[in-house]
1. Would you mind getting me the FRET efficiency between GLU112 and GLN19? Use the beta-carbon distance for r and R0 = 22 Å, nearest 0.05.
2. Taking 32 Å as the cut-off for C-alpha to C-alpha distance, list the pairs among LYS33/LYS114; LYS31/LYS91; LYS72/LYS114; LYS63/LYS114; LYS33/LYS63; LYS83/LYS107 that go past it.
3. In what order do SER2, SER65, SER54 fall by count of nearby beta-carbon atoms within 10 Å, going from fewest to most?
4. State the Kirkwood hydrodynamic radius of the stretch 2-104 in Å, one decimal place, computed from all pairs of distinct Cα atoms.
5. Before rounding to the nearest 500, sum -39500 (n - 2.57) across all DSSP H runs of length at least 4 in the chain and divide by the residue total; then give [θ] at 222 nm in deg cm²/dmol.
6. So how strong a dipole does the chain carry about its Cα centre when Lys and Arg Cβ are +1 and Asp and Glu Cβ are -1, to the nearest 20 debye?
7. Can you tell me the orientation of helix 2-12 relative to the chain, as the angle in degrees between its alpha-carbon axis and the longest Cα principal axis, to the nearest 10?
Amino acid sequence: MSDIIREIEAAQLKENVDQFEVGDTVKVYGKIKEGNRERIQVFEGVVLKRQGGSSRETFTVRKTSNGIGVEKTWPVHSPNVEKVEVVRRGKVRRAKLNYLRNRVGKKAKVKEAK
């Protein structure tokens, strides 16, 4: 049974996955369907976490919009994610940046990697 599941998941993997890490500032180009039309919407923010593996791997991006924190989680291998573009590399020492949720302003920034 697990061999069948493994084959199905292997067929759903993308060939070229964009390289980004936790702490990076990224632009996620996501496809949005409105009725019979389809468009691409950009979501720019800091990657809080990457979790899972294989075809189930997901990543969470956080941004502040009008003073309110907004988080979105996408599957890495989803066909609805057109591409992930790295704007800035971040220097962090943790796998999950949950502490950024409680911070506002300059304290919510991640140092840039050199």
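Computed from the coordinates by the stated procedures, all read-outs in this text should not be read as laboratory data. For clarity, every value in this text was computed on a predicted model and none was experimentally measured. Cβ coordinates were reconstructed from backbone atoms using ideal geometry, including for glycine residues, and neighbour counts include every protein chain displayed.
1. 0.80
2. Table pairs above 32 Å Cα-Cα are LYS33/LYS114.
3. SER2, SER65, SER54
4. 14.9
5. Here the helix-only value at 222 nm equals -3000 deg cm²/dmol.
6. The calculation lands at about 1000 debye.
7. Helix 2-12 sits at roughly 70 degrees to that axis.
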